[in-house]
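One structure below.
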Amino acid sequence: QKEVEQNSGPLSVPEGAIASLNCTYSDRGSQSFFWYRQYSGKSPELIMSIYSNGDKEDGRFTAQLNKASQYVSLLIRDSQPSDSATYLCAVLTSGTYKYIFGTGTRLKVLA
Amino acid sequence: GAVVSQHPSRVICKSGTSVKIECRSLDFQATTMFWYRQFPKQSLMLMATSNEGSKATYEQGVEKDKFLINHASLTLSTLTVTSAHPEDSSFYICSARDSGEVLHFGNGTRLTVT
């Protein structure tokens with residue numbers, strides 16, 4: 001069973017702080033990784049994709065990938081109350097070519 | 001950016017009736033679409049993979065005769081919940097993969113079966 005694990009949270013950070021969200025996955029052959037944000041009652045929206053080891057930055061967001069450790073993270077700098085949502089880690093599995101989602105981490109940014 | 005349109009956004013139906021949900025990729029062609037279901041405070045659960053021009057692939061535990069999927073064109077997939085029951089009430093979300101492997105989601109359909 002290919003799995004994606006996330007801490008369910010909630011993770012509470014003060015406004016302006018850095019929020020760090022983590023995800024581990026079991027399929028060592030996976031090559032594509034994604035972070036989605038989901039507001040309550042809404043469908044997920046893509047924040048970032050990452051395919052190579054290292055960091056990838058996009059505005060206030062930085063995704064980090066370490067395939068050897070099977071670990072992917074998302075950093076949100078200068079967190080805003082509007083960032084409060086559930087963040088889903090998704091992995092495109094090798095072989096079956098399916099997108100497997102973690103249970104999500106609920107982030108609360110306190111004003 | 002890639003847009004996926006899903007309709008209806010909300011539907012209430014009586015037990016025993018069928019409901020059809022449409023998912024369209026508006027500005028790109030999607031040979032593969034995915035249907036997910038999400039219960040409150042839970043993660044997305046993949047129901048089936050919809051491939052254009054061929055039969056859908058269902059996940060274990062998902063009844064293919066109850067959840068009929070048709071992917072008749074490169075931009076349209078439909079999910080029909082047949083003989084719906086209250087336990088089928090959920091948030092159904094479709095998604096389409098673009099050429100870059102990124103998954104784009106529709107806005108979801110909240111189904112309530114009374």
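Among the residues of the range B:49-70, the one identified as buried (at least 16 other Cβ atoms within 10 Å of the Cβ), among the small types (Gly, Ala, Ser) and in a loop (DSSP other than H, G, I, E, B) is B:Ala56.
Annotation note: Cβ proximity below 8 Å between a residue of the range A:74-97 that is more than 14 Å from A:Val13 (Cα to Cα) and a residue that is basic (Lys, Arg) and not in a strand (DSSP E or B) (sequence gap 6+ or interchain) occurs for A:Val91/A:Lys2; A:Leu92/A:Lys98; A:Thr93/A:Lys2; A:Thr96/A:Lys2. Please go through the range A:8-41 and give me each residue that is more than 22 Å from A:Asn53 (Cβ to Cβ) and within 14 Å of chain B (Cβ to nearest Cβ), ordered by number. Of everything in the range A:8-41, those that are more than 22 Å from A:Asn53 (Cβ to Cβ) and within 14 Å of chain B (Cβ to nearest Cβ) turn out to be A:Ser8, A:Gly9, A:Pro10, A:Arg37, A:Gln38, A:Tyr39, A:Ser40, A:Gly41.
When A:Ser40, A:Ser52, A:Ser12 are checked against the criterion of being of a type in the set (Ser, Thr, Tyr), closer than 29 Å to B:Ser5 by Cα and more than 13 Å from the chain's Cα centre (by Cα), a single residue qualifies: A:Ser40.
How many of the residues making up the range A:95-111 are surrounded by 14 or more Cβ atoms within 10 Å (Cβ to Cβ), of a type in the set (S, T, N, Q) and either assigned to a strand (DSSP E or B) or over 12 Å from the mean Cα position of the chain (by Cα) (or both)? Counting residues in the range A:95-111 that are surrounded by 14 or more Cβ atoms within 10 Å (Cβ to Cβ), of a type in the set (S, T, N, Q) and either assigned to a strand (DSSP E or B) or over 12 Å from the mean Cα position of the chain (by Cα) (or both) gives 1. Scanning the range B:53-89 for residues that are over 22 Å from B:Thr112 (Cα atoms) and touching a residue at least 24 places away in the same chain (Cβ under 8 Å), we see that the one that is nearest to the other protein chains (Cβ to nearest Cβ) is B:His71. Within the range A:44-83, the set of residues being away from every other protein chain (no Cβ under 13 Å), in a loop (DSSP other than H, G, I, E, B) and crowded, with 20+ Cβ neighbours inside 10 Å comprises A:Ser79 only.
Quick note: the coordinates plus some simple rules give every number you see, no bench work behind them. Predicted model only: the values in this text are computed from it and were never measured. Cβ coordinates were reconstructed from backbone atoms using ideal geometry, including for glycine residues, and neighbour counts include every protein chain displayed.
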